[in-house]
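**Q** Got a structure here, written out as C-alpha cells. Questions coming.
The values are calculated or read from the model by the stated rules, or taken from the named source; none is laboratory data. Bear in mind that the values here come from a model prediction, so they are computed numbers and not experimental data. Cβ placement follows ideal geometry from the backbone for every residue including glycine, while neighbour counts extend to all protein chains displayed. We work out accessible area using only protein heavy atoms, side chains counted, and drop any ligands, DNA or RNA first. Shrake-Rupley method; radii C 1.70, N 1.55, O 1.52, S 1.80 Å.
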Amino acid sequence: MARWIWKFGEFEIYHNLLLHNRRTQYGWPSPPVWKVCAPESCVRFAREVPGPGGTIRVWAKGDFAVTVWRGYEKTEYGGQHEIALGDGPMRVTVTVSNRESFPCLYVDGDLQTDESWTADDLAGDPAPADSCAWFDAPEKSPEVFPFAYAPVECVRRERLEGGALLDFGRETFARTAFRFSGKGDHVLRFGESREEAMSPEWCVIRRTVRGADRAKFEAQAFRYIFVDDPGAKVTAEYEYLPLSYRGAFRCDEDIVNRVWDTAAYTFHLNSREFFLDGIKRDRWVWSGDAYQSLFVNRYLFLDRELERRTLIALAGKPPFEAHINGIVDYTFYWMIGLYEYYETYGDADLLRRIFPQARRIMDFCRSRADADGFVRGKQRDWVFIDWAPMDRAGALCGEQVLFARALEAYGSICALLGEDSRGAAEQARALQAAVLERFWDDEKGAFVDSYESGKRFVSRHSNILAYLFLPMDDARKTSLYAHAILDDSVPQITTPYFKFYENLVHCEAGSDAGLERSIREYFGGMLRLGATTLYEQFDPNETGPERYAMYGHPFEKSLCHAWSCNPIYLLGRYRAGVRRTGVGYQTFEVAPRLGDLKRFDCTVPLPAGEVRVRMDGERLSVLATAPGGTLVFGGQRLPLQAGQEVSVAVR
C-alpha cells in the first residue's frame with residue numbers, strides 16, 4: 001500500500017517547529033529559548049525500477065518535477081499527475097520543493113511510494129525515505145498531525161459580575177469556539193484553577209477578541225474559562241492522540257487507584273506529537289522530562305512511535321552546536337534514552353537512520369570535555385541536574401556520571417551498527433574511574449558534588465545519579481545509600497522530577513516499603529485538594545491559592561505535568577515486578593514485591609502481548625501472553641509459558 005514519504009526526520013522537525021512556536025504567555029507569543037530546526041525546502045526522491053514501470057499517479061506537498069533515467073538518457077515529465085513510465089530498467093526521481101511546510105511525496109499505481117525509495121537534500125548521500133502508517137492516502141496529509149477530537153461539556157456555569165465562569169469538571173486540552181451576544185471586544189481567560197481564570201493580571205493563557213460576534217481558538221489547556229460576556233455560548237472539543245491504554249492497575253485502596261487513574265489521564269494529556277513536559281505553560285519538548293516519560297510510556301501505552309518521534313525531534317539537524325534545550329545533562333539523557341529505546345523495542349533501524357546525528361551530538365559533547373576528561377559548564381551551557389542547592393564549582397559529579405553513561409550508550413550503539421566509536425567505551429571507563437577517585441569522600445561515605453571547591457558538599461542528587469548510572473562495588477553503594485539518601489541532614493529532594501530517581505534508588509536498594517505511603521500522601525494529597533491531574537510540584541502544607549505559584553508568578557506552576565506520572569512505572573516495575581532482561585523483551589522477568597498492599601491486579605504491556613500479575617492475599621498468579629518470561633518469587637524461578645497461568649502461594 002502506498003504511503004506519503006519524506007526525508008528521514010523532516011516530519012518530526014516540521015511538527016516540532018510548529019509546536020515550539022505555538023506557546024503564548026500573558027497574551028503574547030513566547031518564542032523558543034533554544035535552537036529549533038526547520039525542514040529542508042527541496043528534497044529529491046528516487047526509486048530504481050528493474051522492470052516495466054506501468055502507470056503512476058503523483059501527488060506532492062509542494063512543486064514537483066518527475067524525471068526518468070534510462071542509463072544516461074532522461075525523460076522529463078515535470079509536474080504531470082499521471083505518467084506512463086514504459087519499459088525498464090529505469091530510475092525514477094521526483095524533486096519536490098516546498099517553502100511552506102516540508103517536501104513529501106505520494107505515488108500510487110504500478111509503482112508506489114514506501115521506504116524502498118530514497119530521499120536526499122541534493123547535497124548529501126541518499127538514504128531510505130521515511131513514512132508512517134497514518135498517511136496511506138492522498139488526502140491524509142503529513143502536514144496535519146492526525147489528532148482525534150471529542151466534545152467536552154461545561155459542567156457548571158457561574159454568572160458573575162462582568163461575565164461568566166465555565167467549569168469543565170477536570171483539566172482538558174481542547175479547541176474552543178465562542179458565540180457572543182453581539183459584536184464587540186471580548187476578553188477570555190483559560191485557567192487550570194478557578195483562581196487563575198479569575199485573575200486579569202496573572203492568568204497565563206488569555207485571548208482578546210476585537211469587534212466580532214464569534215471566535216475560534218486552537219487547542220490549549222484549561223479547566224475553567226472566564227468570558228466577559230455572560231450570555232456567550234461556548235463549545236469545546238478535546239484534542240488528543242488516540243492511544244491504547246495497555247497497562248492497568250487496581251488494588252484494594254481507593255486512593256492508590258485514583259492516583260493511578262489520574263496519572264494515566266495526566267500522561268495521556270502530555271502525550272501528543274511528542275512527550276511534553278506540561279500542557280499549559282511550556283508545551284515544549286524537554287529532553288530530561290522526555291527521558292522520564294519513556295519509563296511511564298513503557299508501562300502504560302508502550303507506544304514505540306511516540307518515543308521514536310520524540311527522540312528524532314530532540315536530536316535536531318546538523319550542525320549540532322549547542323546542548324539539547326541548552327542543558328548539558330539533557331544531551332546526555334538523550335543519548336542514554338536512545339540506547340534504552342533500542343533495548344526496549346529492538347529497533348536497530350532507527351539507530352542506523354539517526355546515527356549520523358548521534359555521532360555529531362557525541363562529538364560535540366566530547367569536544368566540550370576538558371583535558372582531564374571532565375565536562376564543565378561553558379558559555380551558553382546550563383548545568384542543571386535539578387532545581388536544588390548543589391556545589392556547582394568546577395566539575396559537577398552528577399554531570400560526569402551522566403556523561404560517562406552517555407559514552408557507554410554511544411559505544412554500545414556503535415558496536416551494534418559496526419561503527420567506530422573512536423574510543424568511547426574506553427573514555428567512559430576512564431571517566432568512571434576518575435569520578436570514583438576524585439569525587440568519593442571516604443570520611444563522608446558518599447560522593448561530593450565538587451572536589452574543586454573544597455566544600456565537600458554532599459547532595460542527594462549526585463549520589464542518586466551515581467547509584468543509578470555509575471558502576472561501583474556493593475560497599476560503596478551501601479555506604480552512599482546510608483550517608484546520602486537515608487541521612488536526613490542531607491538536603492531533601494523537593495521536586496517530583498528528582499523524587500522519581502530517589503524512589504528508583506530506594507526500590508533498587510530493596511527499601512520500597514514507603515512506595516505506597518508516598519503515593520497516598522504526596523500524590524493523594526493533590527487529589528484530596530481537588531486536583532484532576534497531577535501537579536509539577538506539590539507541598540502538602542500549602543492548601544490555598546499559594547499552591548499554584550512557581551517561578552515567581554502566582555499561576556505558573558503546571559497542574560498537569562508528565563514527570564508526576566511515575567507511580568505508573570513504579571507500581572508496574574516494583575509491585576508487579578515486570579522488567580525487560582533481553583532486547584525487545586525477548587526475555588523478561590516477573591519478580592513481584594508485594595509492599596503493604598493486600599490485593600492488587602496489574603497489567604504490564606509487552607511488545608508482543610502483556611503480563612498480568614494478580615495477588616489476592618493468599619496466592620500470586622501470573623499470566624503472560626508472550627514467551628520468554630520467568631517468575632521469580634519466594635526463592636523460586638519458574639518459567640512462564642505464553643497463555644498459561646502460574647500460581648504460587650504467598651507465605
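**Q** Can you tell which of 143, 139 is in a loop (DSSP other than H, G, I, E, B), within 21 Å of residue 22 (Cα to Cα) and acidic (Asp, Glu)?
**A** Just a single option satisfies the conditions, and that option is 143.
**Q** Among (1) closer than 27 Å to residue 494 by Cα; (2) assigned to a loop (DSSP other than H, G, I, E, B), there is one condition residue 400 misses while meeting the rest; what is its number?
**A** (2)
**Q** I've got another one for you. Consider residue 162 against the criteria (1) farther than 17 Å from residue 223 by Cα; (2) in contact with a Phe, Trp or Tyr (Cβ under 6 Å, 6 or more places away or on another chain): it satisfies all of them except one. Which criterion is unmet?
**A** (2)
**Q** Could you please find all residues in the stretch 454-512 being among the basic types (Lys, Arg), more than 23 Å from the chain's Cα centre (by Cα) and in a helix (DSSP H, G or I)?
**A** 460, 476, 477
**Q** Exactly one of (1) over 18 Å from residue 328 (Cβ atoms); (2) free of Cβ contacts under 8 Å to residues at least 40 places away in the same chain is unmet by residue 435. Its number?
**A** If we test residue 435 against (1) over 18 Å from residue 328 (Cβ atoms); (2) free of Cβ contacts under 8 Å to residues at least 40 places away in the same chain, just (1) comes out false.
**Q** Scanning the stretch 91-109 for residues that are outside any loop (DSSP other than H, G, I, E, B) and surrounded by fewer than 22 Cβ atoms within 10 Å (Cβ to Cβ), which turns out farthest from the chain's Cα centre (by Cα)?
**A** 91
**Q** Moving to a separate point now. Given the condition open to solvent by 20 Å² or more (accessible area, probe 1.4 Å), in contact with a Cys (Cβ under 9 Å, 6 or more places away or on another chain) and of a type in the set (D, E, K, R), answer yes or no: does some residue in the stretch 536-552 qualify?
**A** Among the residues of the stretch 536-552, not one is open to solvent by 20 Å² or more (accessible area, probe 1.4 Å), in contact with a Cys (Cβ under 9 Å, 6 or more places away or on another chain) and of a type in the set (D, E, K, R), which makes the answer no.
**Q** A follow-up question, please. Can you report the number of residues in the stretch 459-489 which are of a type in the set (Val, Ile, Thr), free of Cβ contacts under 8 Å to residues at least 40 places away in the same chain and open to solvent by less than 20 Å² (accessible area, probe 1.4 Å)?
**A** Residues in the stretch 459-489 being of a type in the set (Val, Ile, Thr), free of Cβ contacts under 8 Å to residues at least 40 places away in the same chain and open to solvent by less than 20 Å² (accessible area, probe 1.4 Å): 1 in total.
**Q** Sticking with this structure for a sec: Just to be sure before I move on: is residue 80 of a type in the set (S, T, N, Q) and more than 19 Å from residue 113 (Cα to Cα) in the structure I sent?
**A** no
**Q** Here is a check on your reading of the model: is residue 267 touching a helix residue (DSSP H, G or I) at 6+ places or on another chain (Cβ under 8 Å), in a helix (DSSP H, G or I), within 16 Å of residue 534 (Cβ to Cβ) and open to solvent by 20 Å² or more (accessible area, probe 1.4 Å)?
**A** Here the answer is no, as residue 267 does not meet what is asked.
**Q** Could you tell me whether any residue of the stretch 361-370 is open to solvent by 30 Å² or more (accessible area, probe 1.4 Å), on the phi < 0 side of the Ramachandran plot, touching a helix residue (DSSP H, G or I) at 6+ places or on another chain (Cβ under 9 Å) and free of Cβ contacts under 8 Å to residues at least 60 places away in the same chain?
**A** Yes: the stretch 361-370 contains one or more residues that are open to solvent by 30 Å² or more (accessible area, probe 1.4 Å), on the phi < 0 side of the Ramachandran plot, touching a helix residue (DSSP H, G or I) at 6+ places or on another chain (Cβ under 9 Å) and free of Cβ contacts under 8 Å to residues at least 60 places away in the same chain.
**Q** Follow-up. In a helix (DSSP H, G or I), touching a residue at least 24 places away in the same chain (Cβ under 8 Å) and either touching a Cys at 6+ places or on another chain (Cβ under 6 Å) or surrounded by fewer than 16 Cβ atoms within 10 Å (Cβ to Cβ) (or both): is that true of residue 569 in this structure?
**A** So residue 569 does not fit the description; no.
**Q** Of the residues 302, 351, which single one is surrounded by fewer than 24 Cβ atoms within 10 Å (Cβ to Cβ) and out of contact with any helix residue (DSSP H, G or I) (no Cβ under 7 Å at 6 or more places or on another chain)?
**A** Of 302, 351, the one residue that is surrounded by fewer than 24 Cβ atoms within 10 Å (Cβ to Cβ) and out of contact with any helix residue (DSSP H, G or I) (no Cβ under 7 Å at 6 or more places or on another chain) is 302.
Yes/no matrix, rows are residues, columns are (1) within 30 Å of residue 254 (Cβ to Cβ); (2) in contact with a helix residue (DSSP H, G or I) (Cβ under 6 Å, 6 or more places away or on another chain):
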position	(1), (2)
574	yes, yes
580	no, no
587	no, no
595	yes, yes
609	yes, no
616	yes, no
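**Q** May I ask you to list the residues in the stretch 175-188 that are closer than 17 Å to residue 25 by Cα and either open to solvent by less than 20 Å² (accessible area, probe 1.4 Å) or in contact with a Leu (Cβ under 8 Å, 6 or more places away or on another chain) (or both)?
**A** Within the stretch 175-188, just 188 meets the criteria.
**Q** I'm trying to understand the selection: among the residues of the stretch 559-580, which are among the β-branched types (Val, Ile, Thr) and in contact with a Phe, Trp or Tyr (Cβ under 6 Å, 6 or more places away or on another chain)?
**A** 568
**Q** Moving on to the next point. Can you tell which of 2, 60, 38 is small (Gly, Ala, Ser) and in a strand (DSSP E or B)?
**A** One residue alone meets the criteria, 60.
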